[in-house]
């Protein structure tokens with residue numbers, strides 16, 4: 001096993017006292033097995049071990065104690081500690097109440113450190129937290145730090161098939177990478193979804209997930225998904241929200257603004273980790289034996305772009321929104337970015353993605369109807385020869 005450089009690990013260990021600011025409770029969320037626990041353990045190595053209380057949400061004894069909301073028991077439990085680290089916090093019910101007890105004036109009066117810091121990791125989105133840090137699968141820029149002499153296109157070949165979860169990247173052979181991915185899907189990711197969300201019809205959920213996996217980067221609607229799976233659109237929408245909540249899929253909605261023939265009630269879906277997608281459809285063929293490389297390429301670029309933007313403090317809730325664009329005559333743009341709120345001067349930016357510029361589909365120009373309607377938008381084609389500039393652009397936000 002080798003240590004994969006992570007940007008967050010570096011930020012934490014180089015700014016031990018200041019990275020979290022004055023936040024008493026910090027939420028760290030991201031996909032299962034994306035490295036959250038390891039990153040936090042590296043950070044905690046900078047603190048006296050006697051001052052740290054480590055808890056795993058999978059441990060039933062600790063879970064019962066926290067869920068009890070018993071202030072006396074919680075004070076006795078945390079007294080003398082400077083940091084409480086709760087891993088897998090998504091498994092602990094009524095956690096918010098216990099967090100309020102531990103950071104209350106009553107806790108201080110009972111001898112709990114008034115500056116105690118509580119760090120929590122989730123494999124689900126923590127919607128209401130004020131200070132949330134996201135940990136995604138390993139970014140291409142992090143891999144570049146590890147494999148400085150390896151051509152980036154060689155790294156791409158592995159990532160587009162096996163993804164970028166740390167345990168998979170660290171697996172020494174192709175069969176072990178496949179086995180690790182299948183293990184993560186079955187024993188980590190799906191276990192969390194079915195146990196925490198109490199899915200009554202797991203077969204329908206799996207069929208929906210399989211359908212999405214087969215149709216990444218393809219426009220589809222709730223009605224189409226529901227009809228294919230044999231459920232009603234409301235249930236399909238609920239399942240999609242659950243899969244987004246658990247950092248399995250990411251939804252892009254259609255951009256509609258100026259043309260009557262632009263589609264609007266369609267979405268395109270991407271996976272936070274491409275390896276998970278390929279494991280779900282059991283396709284680990286190399287790029288020369290696949291017909292979905294453009295879709296994998298789009299998935300890779302969109303997720304990597306998000307990682308880079310978040311590292312630079314650009315929020316997809318407040319600063320920039322991402323879409324795709326398509327007309328009913330099948331003219332399309334893979335990615336549209338536009339500013340939100342006070343960032344409306346960000347402009348409109350359009351991108352087309354081609355994995356193989358020699359495929360015969362390559363075009364350096366946007367669809368004519370798009371160029372005429374959105375004459376003020378920038379346009380760029382992204383291929384393996386220029387993708388690093390796209391991912392790590394100096395975002396003028």
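The values are calculated or read from the model by the stated rules, or taken from the named source; none is laboratory data. These numbers come from a predicted model, not from an experiment. Note: ideal-geometry Cβ built from the backbone for every residue, glycine included; neighbour counts use all protein chains shown.
With the structure loaded, tell me whether residue 281 is within 22 Å of residue 243 (Cα to Cα) and more than 18 Å from the chain's Cα centre (by Cα) or whether it fails that test. Here the answer is yes, as residue 281 does meet what is asked. Scoring residue 366 on the criteria (1) surrounded by fewer than 16 Cβ atoms within 10 Å (Cβ to Cβ); (2) in a loop (DSSP other than H, G, I, E, B); (3) in contact with a strand residue (DSSP E or B) (Cβ under 7 Å, 6 or more places away or on another chain) leaves a single failure, condition (1). Considering (1) touching a helix residue (DSSP H, G or I) at 6+ places or on another chain (Cβ under 9 Å); (2) outside the structural domain of residue 314 (by TED's automatic domain parsing); (3) assigned to a helix (DSSP H, G or I), the lone condition that residue 155 does not fulfil carries the number (2).
Considering 246, 250, the condition of being in the same structural domain as residue 356 (by TED's automatic domain parsing), within 16 Å of the chain's Cα centre (by Cα), surrounded by fewer than 20 Cβ atoms within 10 Å (Cβ to Cβ) and touching a residue at least 24 places away in the same chain (Cβ under 8 Å) is satisfied by 250 alone. Scan segment 309-329 for residues that are touching a strand residue (DSSP E or B) at 6+ places or on another chain (Cβ under 8 Å) and assigned to a helix (DSSP H, G or I) and the total you get is 2.
Does at least one position in segment 163-170 carry a residue that is farther than 13 Å from residue 273 by Cα and modelled with pLDDT of 90 or more?
Within segment 163-170 (the criterion being farther than 13 Å from residue 273 by Cα and modelled with pLDDT of 90 or more), the answer is yes, since at least one residue qualifies.
From 51, 74, grab the single residue that is at pLDDT 90 or above and touching a helix residue (DSSP H, G or I) at 6+ places or on another chain (Cβ under 6 Å). Spell out the reasoning first.
Numbers: 51 fails: touching a helix residue (DSSP H, G or I) at 6+ places or on another chain (Cβ under 6 Å).
One residue alone meets the criteria, 74.
Candidates are the residues of segment 340-357 that are farther than 25 Å from residue 161 by Cβ and out of contact with any strand residue (DSSP E or B) (no Cβ under 6 Å at 6 or more places or on another chain); the one that is modelled with the highest pLDDT is 347. Any idea which residue in segment 142-198 is nearest to residue 93 (Cα to Cα), counting only those that are surrounded by 20 or more Cβ atoms within 10 Å (Cβ to Cβ) and over 18 Å from the mean Cα position of the chain (by Cα)? The extreme case among them is 180. Can you pull out every residue in segment 257-283 that is in contact with a strand residue (DSSP E or B) (Cβ under 8 Å, 6 or more places away or on another chain), more than 22 Å from residue 233 (Cα to Cα) and either free of Cβ contacts under 8 Å to residues at least 24 places away in the same chain or crowded, with 24+ Cβ neighbours inside 10 Å (or both)? Correct list: 272, 277. Just one of the listed residues (330, 378, 295, 322) is modelled with pLDDT of 90 or more and on the phi > 0 side of the Ramachandran plot, and it is 330. Evaluation of residue 205 against the conditions (1) under 24 Å from residue 37 (Cβ atoms); (2) surrounded by 20 or more Cβ atoms within 10 Å (Cβ to Cβ) shows that the sole unmet condition is (1). Pairs linking a residue in segment 30-57 that is without any contact (Cβ under 8 Å) to a residue 12 or more places away in the chain and outside the structural domain of residue 98 (by TED's automatic domain parsing) to a residue that is in a helix (DSSP H, G or I) and crowded, with 17+ Cβ neighbours inside 10 Å, with Cβ atoms under 9 Å and 6 or more positions apart or on different chains, do not occur. For the residues 321, 310, 304, 262, the requirement of being farther than 25 Å from residue 141 by Cα and assigned by TED's automatic domain parsing to the domain that holds residue 215 singles out 262. When residue 84 is tested against (1) part of a helix (DSSP H, G or I); (2) surrounded by 17 or more Cβ atoms within 10 Å (Cβ to Cβ); (3) modelled with pLDDT of 90 or more, exactly one condition is not met: (1). Taking the conditions exactly as written (closer than 30 Å to residue 148 by Cα and either touching a strand residue (DSSP E or B) at 6+ places or on another chain (Cβ under 6 Å) or without any contact (Cβ under 8 Å) to a residue 12 or more places away in the chain (or both)), does residue 64 satisfy them or not? No.
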